[in-house]
Amino acid sequence: MKKIGILSDTHCCWDDRYLTYFEPCDEIWHAGDIGDEYICDRLEEFRPLRAVFGNMDGMDLYMTLDEVMNFTVEDCRVMLTHIGGYPGHYKPGIRQKLIENKPDLFVCGHSHILKVMYDKDLHLLHVNPGAAGRSGIHQVRTLVRLTIDGKDIRDLEVIELADEK
């Protein structure tokens, strides 16, 4: 059983609460638009990190991170990318990658909109954790935690990061 912390679209924004909320997690996944290697370094010092580059990331992250990651946690196949879309509205090319790789869990960012949906056609859970950073169209900063137990994905939690006064 693995507890996973998921975030996206930090856009150079560091918040110590990332570590507070990801304390019980075994791994952290970042779905792109990280903004600075510093964010990756801080997260990786805390827990094992899986991260992909986003469309706003600079050459330093582009050269060290992948655009799409496919991996397995427990018995759950995962695909992680930045721009992916969502069920019925996938980015061109992503739907084909989903068909070929057959993930059980598809995680992406980019939209700054928290979205959790089950794709009945492709038999996968889609998770977009929203945006953890301050820059963008979103009104609320969010993180996601979930548990992977074998092939089961459960105990999904949405964490809202209210701005501190």
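The values are calculated or read from the model by the stated rules, or taken from the named source; none is laboratory data. Please read all numbers here as calculations on a predicted model, not as lab measurements. Here the Cβ positions follow ideal geometry from the backbone for every residue, glycine too, while neighbour counts run over all protein chains shown. When the accessible area is computed, the model is the full protein with side chains, heavy atoms only, and any ligands, DNA or RNA have been set aside. Shrake-Rupley method; radii C 1.70, N 1.55, O 1.52, S 1.80 Å.
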Item to complete: Return the pairs, sorted by first residue and then second, in which the second residue is open to solvent by 40 Å² or more (accessible area, probe 1.4 Å) and assigned to a strand (DSSP E or B), the first residue lies in the range 49-71 and is over 20 Å from Cys25 (Cβ atoms) and without any contact (Cβ under 8 Å) to a residue 60 or more places away in the chain, the beta carbons are less than 8 Å apart, and the residues are 6+ apart or on different chains.
Response: Phe53/Asp66; Asn70/Arg77
Practice prompt. Check whether at least one residue in the range 9-23 is within 25 Å of Asp149 (Cβ to Cβ) and touching a Pro at 6+ places or on another chain (Cβ under 8 Å), and report yes or no.
Written response: no
Response to the item:
Just one listed residue, out of Gly84, Gly150, Gly93, is small (Gly, Ala, Ser) and open to solvent by 20 Å² or more (accessible area, probe 1.4 Å), and it is Gly93
Worksheet item: Among the residues of the range 105-115, which ones are of a type in the set (D, E, K, R) and crowded, with 19+ Cβ neighbours inside 10 Å?
Response: none
Worksheet, complete the sentence: Filtering the range 101-144 for residues that are in contact with a Pro (Cβ under 8 Å, 6 or more places away or on another chain), within 14 Å of Gly54 (Cα to Cα) and of a type in the set (A, V, I, L, M, F, W, C) leaves a count of 1
Response to the item:
Within the range 139-161, the residues that are farther than 19 Å from Glu27 by Cα and in contact with a strand residue (DSSP E or B) (Cβ under 8 Å, 6 or more places away or on another chain) are Val140, Arg141, Glu160, Leu161
Discussion item. Return the residues of the range 63-89 that are more than 16 Å from Val52 (Cβ to Cβ) and of a type in the set (Phe, Trp, Tyr); say none if nothing qualifies.
Written reply: Tyr86
Worksheet entry | Leading residue by the ranking (nearest to Glu157 (Cα to Cα)) among those in the range 17-48 that are of a type in the set (Phe, Trp, Tyr) and without any contact (Cβ under 8 Å) to a residue 40 or more places away in the chain | Phe46
Fill in: Search result, residues across the range 89-112 that are modelled with pLDDT of 95 or more and among the small types (Gly, Ala, Ser)
Gly109, Ser111
